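For reference, the structure discussed in these notes is given below.
The values are calculated or read from the model by the stated rules, or taken from the named source; none is laboratory data. Everything quoted here is computed from the prediction, not taken from an experiment. All Cβ positions, glycine included, derive from the backbone under ideal geometry; neighbour counts span all protein chains shown.
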2 protein chains.
Amino acid sequence: MSSPGGGTRFALVAGTTETAGRAGISAAGADPELMSVTPAADAELVTYGTPVRTDVTPVSPSGCPTPALVTRAAREVLGFDVTVVDGGLAEKTGAPTVSVGARPGKDIAEQDPVSTAHGAFAAARQFGQSLPADELYLGETIPGGTTTALGVLRALGEDGMVSSSLPENPTAQKSEVVAEGLQASSLEPGDAANEPKRAVRRMGDPVLATLAGLTAGAVESDTAVTLAGGSQCVAVAALVRHGGYEGPLGLATTSYVADDESADVRASVDRLDLDLTVTDPGFDRSDHVAMERFVAGEAKEGVGMGGALALADRAGIPMAEVRDRFAAIYDDLIGDAPTATAEERT
Amino acid sequence: MSSPGGGTRFALVAGTTETAGRAGISAAGADPELMSVTPAADAELVTYGTPVRTDVTPVSPSGCPTPALVTRAAREVLGFDVTVVDGGLAEKTGAPTVSVGARPGKDIAEQDPVSTAHGAFAAARQFGQSLPADELYLGETIPGGTTTALGVLRALGEDGMVSSSLPENPTAQKSEVVAEGLQASSLEPGDAANEPKRAVRRMGDPVLATLAGLTAGAVESDTAVTLAGGSQCVAVAALVRHGGYEGPLGLATTSYVADDESADVRASVDRLDLDLTVTDPGFDRSDHVAMERFVAGEAKEGVGMGGALALADRAGIPMAEVRDRFAAIYDDLIGDAPTATAEERT
């Protein structure tokens, strides 16, 4: 429990973009239909430790469990407050959410994919200003989000490739989708430099708009912000920097993202002047099936996993304890048949 | 933090009815305009310990602080989870909320004051079934709610008068409003016996519909339910009993409600076969200004206060500790000028 005005607060922004419906873009769900449920389920898993309304524990097509279970494990061990913000959910969630007026994003090849971006940014900014916390960790869950993150980076004129929830990063496909999007919005790369709201409305998604607003508002009221995630959080940082904020800004991510050679997150971190924290959950030291797919390069990050691990690490909690809790949650929810939940629904 | 499937969860249903706009009906706000903000502010106070979006700490016209501060005090001392459910909020809240489709209720003298009652009942029931908890404490915040509670009791054919947030219970006025409501809905007292959804839709408010649904769903999944409040919770119990549930059901309220001679809550408790817990916060043993108006008979209950006190008491926490925390929160938010917040806004 937080005390007013104090402590660490973890906020999770959960939403959707139809960009995820393109085959091969994301691993955040067993199939495209289930992907629209993933953020609603992730919010429930972090909040309650179990699905409530969604009745599903998201897994990738190969059975990699959602990073929400890792964030929940860290939360159970450490005990931090979570506030879920609706960044454009497409399905009902049983997790309590704060509304900032975000609606599901359309495919970025449409002309105005995030029509609620400006309103969500403004409402999130106001909320970020008034949310009581000494420091704020901000995570995201949105399937397809690395592609819209790339779209935002290109619109702003930022270099660098984004990471992926798939072991083989479909960089060519992502670049193609982004090129389509730029054309649909009549934008050249860099045309939206210093215009973050334009960039996120034309080429981004509602989660990025909401996260950028929360960050902008929080730093205005002297709340320290750590973006908890990978490429999408880099895009948020870019949006905030292009909005003129030059002060301290943290990025806490996993070793899987930091070591991903298909992306170059470290280079982006340098360019955007972010305080980087990398945490290795040590999943390779376990032979538990829950961790196998992470070690194979899937998921990598998401649902604030990197930030949750960093908080646990900072508190002196051994990663072995987080791993044990993660394994127990996995066994409880998914058991030995990791794709069962998805199969039951099809 | 709760573990999945276990522990005690406190759910607060926050909403509005235009019935509160009638002069003299409620003390849950410094003036009728501010009353529509009260539930949104109460939700923030219980969640964060401070107003966030609403920028107001509700006080009665005479300066009695909202019982939300007492519930928050008990929560800070004890540390229980809170889930806020939107039972028809009229203003934006910064507290995360679960949606069940409830919309603000109209004055019960209108013909269909709670058009969302059936949908909210059904969605809340489903949510109550799946919400992980061993036991659920259910509180409410809705100005004007005792009048709609009386409306529901009369529609169901239940006897008994409701309590009041005012020191002098305006029982004649409430009965008049209810008579108007019955006429507008072409109902005689008792016409909606065994038809709880009809009763709450025609004569109640969206918070009662939501609470009845949550209760019905929770007991269906073997979660023990304690209604945390006074007359409104009696009306919820009546709705659930008229829906056919005959199993155990608790009511935890304050000594102020239990001792209110203008109402007869104990008689209703007997008729409805409820397990009654009465907790005296001992405010008369303090001379702090925050407690003065409670001792004078104002507020009495609300925002789950009676349930929060019962939980603290059960855990062996001395009431003096809850009082000290309440006083500290009051001093922090309102200081020595209890009506300042309200005055600033007018």
Check on residue A:327, farther than 29 Å from residue A:34 by Cα, at pLDDT 95 or above, in a helix (DSSP H, G or I) and among the aliphatic types (A, V, I, L, M): no
Breaking point among (1) surrounded by 21 or more Cβ atoms within 10 Å (Cβ to Cβ); (2) farther than 24 Å from residue B:70 by Cβ; (3) without any contact (Cβ under 8 Å) to a residue 60 or more places away in the chain, for residue B:19: (3)
Some residue of region B:222-241 being among the polar types (S, T, N, Q) and in contact with a Phe, Trp or Tyr (Cβ under 9 Å, 6 or more places away or on another chain): yes
When residues of region B:171-186 are limited to those that are part of a helix (DSSP H, G or I) and not hydrophobic (A, V, I, L, M, F, W, C), the one farthest from the chain's Cα centre (by Cα): B:183
Looking only at region B:139-160, and only at residues there that are over 16 Å from the mean Cα position of the chain (by Cα) and part of a loop (DSSP other than H, G, I, E, B), the one that is surrounded by the fewest Cβ atoms within 10 Å (Cβ to Cβ): B:159
Conditions (1) without any contact (Cβ under 8 Å) to a residue 60 or more places away in the chain; (2) more than 12 Å from every other protein chain (Cβ to nearest Cβ): number failed by residue B:68: (1)
Some residue of region A:285-305 being under 24 Å from residue A:62 (Cβ atoms), hydroxyl-bearing (Ser, Thr, Tyr) and in contact with a strand residue (DSSP E or B) (Cβ under 9 Å, 6 or more places away or on another chain): no
Residue list for region A:71-98, restricted to those being more than 13 Å from every other protein chain (Cβ to nearest Cβ) and on the phi > 0 side of the Ramachandran plot: A:88
Where residue A:27 falls short, out of the listed (1) farther than 23 Å from residue B:97 by Cα; (2) within 12 Å of chain B (Cβ to nearest Cβ); (3) in contact with a Pro (Cβ under 9 Å, 6 or more places away or on another chain): (2)
Residue identified as closer than 27 Å to residue B:174 by Cα and within 18 Å of the chain's Cα centre (by Cα) among B:91, B:110: B:91
Contacts under 9 angstrom Cβ, first residue in region B:314-332 being away from chain A (no Cβ under 14 Å), partner assigned to a helix (DSSP H, G or I) and loosely packed, with under 15 Cβ neighbours inside 10 Å, 6 or more apart: B:319/B:285; B:320/B:285; B:323/B:285
Identity of the residue in region B:255-274, of a type in the set (D, E, K, R) and under 18 Å from the mean Cα position of the chain (by Cα), that ends up farthest from residue B:150 (Cα to Cα): B:259
Test result for residue B:135, over 25 Å from residue A:99 (Cβ atoms), within 8 Å of chain A (Cβ to nearest Cβ) and at pLDDT 95 or above: no
Residues of region B:64-101 satisfying the condition of being in a loop (DSSP other than H, G, I, E, B) and of a type in the set (Val, Ile, Thr): B:66, B:93, B:100
Sole exception among (1) closer than 30 Å to residue A:155 by Cα; (2) surrounded by 17 or more Cβ atoms within 10 Å (Cβ to Cβ); (3) at pLDDT 95 or above; (4) of a type outside the set (D, E, K, R) for residue A:322, by number: (1)
Test: residue in region A:103-112 that is outside any loop (DSSP other than H, G, I, E, B), at the interface with another protein chain (Cβ under 9 Å from one of its Cβ atoms) and in contact (Cβ under 8 Å) with a residue 40 or more places away in the chain: no
Tally of residues being in a loop (DSSP other than H, G, I, E, B), buried (at least 23 other Cβ atoms within 10 Å of the Cβ) and within 14 Å of another protein chain (Cβ to nearest Cβ) across region B:37-63: 6
